[in-house]
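The values are calculated or read from the model by the stated rules, or taken from the named source; none is laboratory data. Predicted model, so just to flag it, every value in this text is computed and none were measured. With ideal geometry, Cβ positions are generated from the backbone for all residues, glycine too; neighbour counts draw on all protein chains shown.
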Amino acid sequence: MRDPKRIEEILSLLGDYWTAKPDLRFWQIIYILRSTLSDVDCFFSEDDVTKKALKSLCKPTEPQQVKLSLASWEEKWNLTIIDQDGWRIDGKSINDEITEEDFFNRALNSTCRGDIAKAYTSFKSLS
């Protein structure tokens, strides 16, 4: 029988991550977690692999303070953020300069073309 304590450990790590990223929705977190396990068949993976992946997501990171245009971040990460007005996000034009962290906050909370989970996971591993 599997150790029931693993359930609370995983839920606690998930809670820590979600608390640190309260703007994320549940399935966005699951999607991001899944992308960190891209080389693993999640159906058959052991819970210690999931715990390790959650711990890596929970590591404190320093946000990138470099400011570039929204268009530059989109090009770097091969993502396109769109809303009802086409290119304006929260009153920002594609030429307004924002940090990379702000770019991902906008991308995760809007319609986005491209693999946001893969890009976000790469960003977090670099920062």
Worksheet, complete the sentence: When the range 18-33 is checked residue by residue, the ones that are part of a helix (DSSP H, G or I) and either assigned by TED's automatic domain parsing to the domain that holds LEU108 or surrounded by fewer than 17 Cβ atoms within 10 Å (Cβ to Cβ) (or both) are TRP18, THR19, ALA20, PHE26, TRP27, ILE30
Worksheet item: Hey, LYS51 hits all of (1) under 18 Å from LEU108 (Cβ atoms); (2) surrounded by 15 or more Cβ atoms within 10 Å (Cβ to Cβ) but one; which does it fall short on?
Response: (1)
Practice prompt. For the range 1-23, name all the residues that are of a type in the set (Gly, Ala, Ser) and without any contact (Cβ under 8 Å) to a residue 24 or more places away in the chain.
Written response: SER12, GLY15
Worksheet item: Looking only at the range 34-69, which residues are modelled with pLDDT of 80 or more and over 21 Å from GLY15 (Cα atoms)?
Response: ASP41, PHE43, PHE44
